[in-house]
Amino acid sequence: MAFFFAACAVPHAWAAPDAVAGKAKAQLCAACHGENGVSSIPDTPHLAAQPPLSIFYQLLQFRDQRRKGGGMEVIATTLTEQDMRDIAAHYATLPAPAPQAGGDAQKIARGQQIAQQQYCSSCHGAQLQGQKHVPRLSGQSHTYFVTQLRNLRSGARADMDGTMASAARSLTDEEIDAMAAYARSLP
């Protein structure tokens, strides 16, 4: 019985996420994702203001080779789960990317209509701001958004539970482009 109580007294092997430590650990990330989490590389996602669980789960998928792209598999293998939590906490504290000013109003309206028809807000939030483990789409790079949704549609990219692949399956390239324009226009 004494062993049981002694075992229960041992602290957990992980610590709470630390955004300050995450900033230091994210120095390598800044080369592609930007110093403030907003990438200048069109096919690289913005990480600023992403829900921390979203980044954490993406890093796990890269580490476990369930997701591939941009050399992230190699980088993720060097990270501990604590590193991943810290980096995710850091990016969650950064301000969201600015919405794209202007743009094709008709395309944006069409993208909003498609997003409503597809019930995107039920997982991604009312303004596609992301929540829990679901990524932020608002303000995301147009090129990245289009590439990822096409990859989900084709099966080139797997998602955690198949929900996104199923949702993307019926979308045309034109619809994906309109949705990307809509998402990019959101704050």
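Restricting attention to the range 43-70, the residues being open to solvent by 50 Å² or more (accessible area, probe 1.4 Å), in a helix (DSSP H, G or I) and touching a residue at least 40 places away in the same chain (Cβ under 8 Å) number 3.
All told, I87 meets the bar of being in contact with a Cys (Cβ under 9 Å, 6 or more places away or on another chain) and of a type in the set (A, V, I, L, M, F, W, C).
Of the set (1) over 19 Å from H133 (Cβ atoms); (2) assigned to a helix (DSSP H, G or I), all apply to E35 but (2). Cβ-Cβ distances below 8 Å connect the following pairs, each with a first residue in the range 172-183 that is in contact (Cβ under 8 Å) with a residue 40 or more places away in the chain and on the phi < 0 side of the Ramachandran plot, a second residue that is among the aromatic types (F, W, Y) and open to solvent by 10 Å² or more (accessible area, probe 1.4 Å), and a separation of six or more residues or different chains: M179/F145; A180/F145; A183/F145.
Residue-by-condition table, conditions (1) open to solvent by less than 60 Å² (accessible area, probe 1.4 Å); (2) touching a His at 6+ places or on another chain (Cβ under 9 Å); (3) part of a loop (DSSP other than H, G, I, E, B); (4) closer than 14 Å to Q50 by Cα:
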{"position": "M160", "(1), (2), (3), (4)": "no, yes, yes, no"}
{"position": "S170", "(1), (2), (3), (4)": "no, no, yes, no"}
{"position": "A178", "(1), (2), (3), (4)": "yes, no, no, no"}
{"position": "Y182", "(1), (2), (3), (4)": "yes, no, no, no"}
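Within the range 125-143, is even one residue part of a helix (DSSP H, G or I), in contact (Cβ under 8 Å) with a residue 12 or more places away in the chain and buried (at least 20 other Cβ atoms within 10 Å of the Cβ)? No, because not a single residue in the range 125-143 is part of a helix (DSSP H, G or I), in contact (Cβ under 8 Å) with a residue 12 or more places away in the chain and buried (at least 20 other Cβ atoms within 10 Å of the Cβ).
Just one of the listed residues (T93, T80) is of a type outside the set (G, A, S) and under 15 Å from the mean Cα position of the chain (by Cα), namely T93.
Among residues belonging to the range 90-108 that are of a type in the set (G, A, S) and touching a residue at least 24 places away in the same chain (Cβ under 8 Å), point out the one that is most open to solvent (accessible area, probe 1.4 Å).
Taking the candidates together, the pick is A98.
A quick yes/no check of all residues on (1) within 27 Å of P17 (Cβ to Cβ); (2) not hydrophobic (A, V, I, L, M, F, W, C):
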{"position": "T78", "(1), (2)": "yes, yes"}
{"position": "A109", "(1), (2)": "no, no"}
{"position": "L137", "(1), (2)": "yes, no"}
{"position": "H142", "(1), (2)": "no, yes"}
{"position": "R153", "(1), (2)": "no, yes"}
{"position": "T163", "(1), (2)": "yes, yes"}
{"position": "R184", "(1), (2)": "no, yes"}
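Just one of the listed residues (G139, G130, G103) is closer than 30 Å to A15 by Cβ and not hydrophobic (A, V, I, L, M, F, W, C), and it is G130. Residues that are touching a residue at least 12 places away in the same chain (Cβ under 8 Å) and open to solvent by less than 80 Å² (accessible area, probe 1.4 Å) within the range 110-124 comprise G111, Q112, I114, A115, Q118, C120, C123, H124, listed in sequence order. Checking the range 71-89 against the condition returns no match, with no residue being in contact with a strand residue (DSSP E or B) (Cβ under 8 Å, 6 or more places away or on another chain) and open to solvent by 50 Å² or more (accessible area, probe 1.4 Å).
The values are calculated or read from the model by the stated rules, or taken from the named source; none is laboratory data. Please read these numbers as outputs of a predicted model, since none were measured by experiment. Note that we place each Cβ from the backbone using ideal geometry, even for glycine, and neighbour counts take in every protein chain shown. Note: accessible area is taken over every heavy atom of the protein model, side chains too, but ligands, DNA and RNA are not part of it. Shrake-Rupley method; radii C 1.70, N 1.55, O 1.52, S 1.80 Å.
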